[in-house]
Amino acid sequence: MPRNHFDNELQELVKDMIKMSSVVEDALSYSIKALKKQDIELADKVIAQDDLVDKMELEIEDKCLRLIALQQPIAKDLRIIATALKIVTDLERIADHAVDIARITKRLSGEKYIKELIDIPRMAHIVTGMVKDSIDAYVRQDVDKAREVSMRDDEVDGLHSQIFRELLLLMMEDPRKINQSTYFLFISQSIERIADHVTNICEWIIYAVTGEHVDLNE
Amino acid sequence: MESIKIRVKDINLYYGNHHALKNISIDIYDKAVTALIGPSGCGKSTFLRCLNRMNDLIPNVKIDGEIQIAGNDLSKYDVILLRKKVGMVFQKPNPFPMSIYENIAYGPKIHGIKSKSKLDDIVEKSLREAALWDEVKDRLKANALGLSGGQQQRLCIARTTAVEPEVLLMDEPTSALDPASTIKIEDMMESLKKQYTVIIVTHNMQQAGRISDFTAFFLNGELIEYDKTEKIFYKPRDKRTEDYITGRFG
């Protein structure tokens, strides 16, 4: 098959994307685990791990630009590479949100939580699955899967609204709960933003395969 | 909106029993560069030669169908006049074994221009259009065969434009040239297409992407896909086009 070398390079690019996604998923899972268990050591690990994510982003960008310079890809090849450039940016931002959650865990260290965390971990579980499945859709160039993943954003938005209302009530009932409630709101918002980043990833996957820009938020 | 210069309808061409072009229909736009791409033997050069009836010179060739240039049926054209209107540049530069000046003046003289000042003007204008004037203006009497490959090819382009054609056919005009000469000729395309309809056969995908407005992909004598170059290179409709332009075959 012609262009073996180029196809091998594209395969390597995809493997790098999978590795980066895996590190980002771990960062997210660990950040929520640290939050639930108030595990400061785990929170510190998430924060430290962010350097690895940043390094992976730069390496993938570099690889993409080299492929463009040396192989002159066009049509779908070019879209796949351009999409990789966009996706790594979203993955890096997702990892940043995981770090934000870890930092809040550290700030709340030593405090008893004002309520048991149920919906936040539930939201996090959904978006972790979204991250994993979106990259899966990219690897398999599966437009239907990308659309399906993006639709889970609705459930995440619903949970975020629910958490917002609950926390608002808590704050109104007892001003002493405002501090923690605000932090939990930030966390809920971070997770909701992660879902938006995954929706972006899904839009880019559809673009890579079909060449069409779609707005999955509509 | 571009206007159509050449209408091709249901062209079938046979070399003996070999069906080399199959039901080719295509409208080629004026004041634009159209690239013909496809693997070796796909029929693109054969098709190009239909447009100035060069295939008439090949024995055992049979052609059905219709080609119109600016509304005129090609088959009814005087072939000498046709080759003035439709100029051709070949892969290997082929300057005449005469001076640079005489190479350019030859065509206009054949077509009746006798005035020396008019010929001087034509020579200068054509060489300027070919971005060659500054390099040769002080040695117009020098033998054209002494020019470099890239200069010879630009001379051939100048020779073609000297007779005021409407269409320029180019069959892999830069494939025998070095990168610097290639770029010079590609740069000319922007100005050439302001005056002429340019059709270029090329094996170089990047070149087609750089210089053409429209691209036609040929395969096994068929026209598979024809569209704006940005569309063909960005989101081709046919998988065979995608496979070819991404180098997966051919």
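The values are calculated or read from the model by the stated rules, or taken from the named source; none is laboratory data. These figures come from a predicted structure and were not determined experimentally. When we count neighbours, we look across all protein chains shown, and the Cβ atoms used for this are built from the backbone with ideal geometry, even at glycine.
Among the residues making up the range A:93-127, those that are under 21 Å from A:Glu155 (Cβ atoms), among the hydrophobic types (A, V, I, L, M, F, W, C) and assigned to a helix (DSSP H, G or I) are A:Ile94, A:Ala98, A:Ile101, A:Ile120, A:Met123, A:Ala124, A:Ile126, A:Val127. Of the residues making up the range B:6-29, those that are on the phi > 0 side of the Ramachandran plot and not charged (D, E, K, R) are B:Gly16, B:Asn23. Exactly one condition in (1) at pLDDT below 95; (2) surrounded by fewer than 17 Cβ atoms within 10 Å (Cβ to Cβ); (3) within 22 Å of the chain's Cα centre (by Cα) is false for B:Glu166; which is it? Answer for B:Glu166: the failing condition is (1).
Can A:Ala69 be described as within 14 Å of chain B (Cβ to nearest Cβ), in contact with a Pro (Cβ under 7 Å, 6 or more places away or on another chain) and either over 19 Å from A:Asp100 (Cβ atoms) or of a type outside the set (Asp, Glu) (or both)? Here the answer is no, as A:Ala69 does not meet what is asked.
Within the range A:118-138, the set of residues being surrounded by 15 or more Cβ atoms within 10 Å (Cβ to Cβ) and among the hydrophobic types (A, V, I, L, M, F, W, C) comprises A:Ile120, A:Met123, A:Ala124, A:Ile126, A:Val127, A:Met130, A:Val131, A:Ile135, A:Ala137.
Between A:Ile205, A:Ile163, which is within 29 Å of A:Lys106 (Cβ to Cβ), part of a helix (DSSP H, G or I), of a type in the set (A, V, I, L, M, F, W, C) and touching a residue at least 24 places away in the same chain (Cβ under 8 Å)?
A:Ile163
Restricting attention to the range A:57-66, does a residue exist that is within 14 Å of chain B (Cβ to nearest Cβ), outside any loop (DSSP other than H, G, I, E, B) and either touching a Gly at 6+ places or on another chain (Cβ under 6 Å) or at pLDDT below 95 (or both)? No, the range A:57-66 contains no residue that is within 14 Å of chain B (Cβ to nearest Cβ), outside any loop (DSSP other than H, G, I, E, B) and either touching a Gly at 6+ places or on another chain (Cβ under 6 Å) or at pLDDT below 95 (or both).
Considering the range B:32-107, the qualifying strands (runs of 3 or more DSSP E), each wholly inside and each with 2 or more residues that are surrounded by fewer than 21 Cβ atoms within 10 Å (Cβ to Cβ), run over B:61-69.
For the range B:1-23, the set of residues classified as touching a residue at least 40 places away in the same chain (Cβ under 8 Å) and over 18 Å from B:Gly71 (Cα atoms) consists of B:Asn12, B:Leu13, B:Tyr14, B:Tyr15, B:Gly16, B:His19, B:Ala20, B:Leu21, B:Lys22, B:Asn23, listed by residue number. The condition (being modelled with pLDDT of 95 or more and either among the polar types (S, T, N, Q) or under 21 Å from A:Ser188 (Cα atoms) (or both)) is satisfied by just one residue among A:Lys115, A:Lys106, A:Lys86: A:Lys106. Every listed requirement among (1) farther than 18 Å from B:Phe90 by Cα; (2) among the aliphatic types (A, V, I, L, M); (3) in contact (Cβ under 8 Å) with a residue 60 or more places away in the chain is met by B:Leu51 save one, (1).
Counting only residues that are surrounded by fewer than 23 Cβ atoms within 10 Å (Cβ to Cβ) and within 11 Å of B:Lys22 (Cβ to Cβ), the range B:207-223 holds 4 of them.
Considering A:Leu35, A:Leu65, the condition of being more than 17 Å from the chain's Cα centre (by Cα) and surrounded by fewer than 16 Cβ atoms within 10 Å (Cβ to Cβ) is satisfied by A:Leu65 alone. Does A:Thr182 qualify as being touching a helix residue (DSSP H, G or I) at 6+ places or on another chain (Cβ under 6 Å), at pLDDT 95 or above and assigned to a helix (DSSP H, G or I)? Considered against the rule, which asks whether it is touching a helix residue (DSSP H, G or I) at 6+ places or on another chain (Cβ under 6 Å), at pLDDT 95 or above and assigned to a helix (DSSP H, G or I), A:Thr182 comes out as no.
One residue alone among A:Leu52, A:Leu85 is away from chain B (no Cβ under 14 Å), touching a Cys at 6+ places or on another chain (Cβ under 9 Å), free of Cβ contacts under 8 Å to residues at least 60 places away in the same chain and not β-branched (Val, Ile, Thr), and that residue is A:Leu85. The set of residues in the range B:233-250 being within 8 Å of chain A (Cβ to nearest Cβ), part of a helix (DSSP H, G or I) and β-branched (Val, Ile, Thr) consists of B:Ile245 alone. Every listed requirement among (1) among the charged types (D, E, K, R); (2) modelled with pLDDT under 95; (3) closer than 30 Å to A:Ile163 by Cβ; (4) part of a helix (DSSP H, G or I) is met by A:Glu9 save one, (3).
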